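Worksheet: one structure, shown below.
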Amino acid sequence: MFTPVKIDLVDELRLRRWARMNYLPAEGRSDAWHPVILDEMQVQDRENKIAPRAPKWLSHVPHIESPAPMATLGTDELYYT
């Protein structure tokens, strides 16, 4: 059983960030993990029920650059490019 140890805010945020970056579904988690990690993954479980995560393949789609602006603002005038 885990004995609670008080951690500072910075360490808690690091653990929560780690949990977000390394999220696993409930069946893949270990009970030996720090309670902060388990708590953050449970938060993600609730978030995913509200708004499911995008498919993994979607994160690898290349970003499409937006076209250059039609005009830029100068100090006193509007210059068309």
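Any chance the stretch 8-22 includes a residue that's in contact with a strand residue (DSSP E or B) (Cβ under 9 Å, 6 or more places away or on another chain) and either at negative phi or at pLDDT 90 or above (or both)? Write out each step before concluding.
Quick first cut of the stretch 8-22, residues in contact with a strand residue (DSSP E or B) (Cβ under 9 Å, 6 or more places away or on another chain) only: none.
Taking every residue of the stretch 8-22 in turn, none turns out to be in contact with a strand residue (DSSP E or B) (Cβ under 9 Å, 6 or more places away or on another chain) and either at negative phi or at pLDDT 90 or above (or both).
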Flag for T72 being modelled with pLDDT under 65, open to solvent by 80 Å² or more (accessible area, probe 1.4 Å) and not hydrophobic (A, V, I, L, M, F, W, C): no
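The values are calculated or read from the model by the stated rules, or taken from the named source; none is laboratory data. Because the structure is predicted, anything quoted here is derived from the model rather than measured. Every residue, glycine as well, gets a Cβ built from its backbone with ideal geometry; the counts of neighbours run over all protein chains shown. Each accessible area value is taken on the protein alone, full model and side chains, heavy atoms only, with ligands, DNA and RNA left out. Shrake-Rupley method; radii C 1.70, N 1.55, O 1.52, S 1.80 Å.
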